[in-house]
Every structure is written in structure tokens, then in C-alpha cells.
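Here's the structure, in C-alpha cells; my notes come after.
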Amino acid sequence: MEYGTKAKLAERADTPIEVLEKLAADEEWMVRGRVASNPSTPQKSLELLATDKNPDVRGRLASNPSTPLKTLELLATDENSWVRYWTAQNPNRNELIERLVLMTNYKLGVG
């Protein structure tokens, strides 16, 4: 499948779950990033993407309102400051996530 087709499928809310699960493991980080930001992506795939090697994928995941709190807690301690920033901006964040971001920033000497 061509990149453009995969990218469009990764963004669509009506893409079948099986397709989103497959695209979550795509070799192209931009495809995985679009899956990570899709609110229709299944929780299992969102959890998998939390450990993606690309910080842009993790950042998109952090801003997804469908990302589970447990996954947001993991992202709140991410080594990448932008991933932590987007985690703190997630509309479903809670006080624990905000504190984890602040503590991680302090430990890393950021902010």
C-alpha cells in the first residue's frame, strides 16, 4: 500500500480497527503518528505507540483525547520535553499527570 493511502486511512475515524492496528506498526513514523492522533484508534494500539522510538509519534499520542490515563502517566515522564508538554495539554489529564510532568522536568533540569 502506498504511503498516501496509508496516511489517509490512519487519520479517518471510520477506518476499521484491524487496519488501524496494522498501521500502528507501520515502518513510516508519519503513518504511526497519524494513527496515534486518531481518536478511533483502539486502546491496545495506543498503548503500543507509547513506546514508539519516534518522539513525534509519542507527542501525537499525548495530545489524543482517547489516550488512556495509564498511557498518559507513562508519557508524562517521557525523556522528550515536547512529549511531556503535549501530555500536560491533554484534555483528560489529571493532577497526577500534571505533577509527573513537573517532577520529570525538574529532574531533567527543564523549565
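Worth a mention:
- The candidate values were (i) 11.9; (ii) 6.3; (iii) 6.8; the one computed from these coordinates for mean projected area of the Cα convex hull in nm² carries the label (ii).
- Against the chain, whose longest principal axis is taken from its Cα atoms, helix 95-108 shows a tilt of about 70°.
- Considering only alpha-carbon pairs that sit under 8 angstrom and 6 or more positions apart, the relative contact order computed for segment 3-108 is 19 percent.
- Cβ-placed point charges (K, R +1; D, E -1), dipole of the chain about Cα centre in debye, nearest 20: 200
None of the figures in this text is laboratory data; all of them are computed from the coordinates on show. As the structure is a prediction and not an experimental result, all values here were calculated from the model. Note that we place each Cβ from the backbone using ideal geometry, even for glycine, and neighbour counts take in every protein chain shown.
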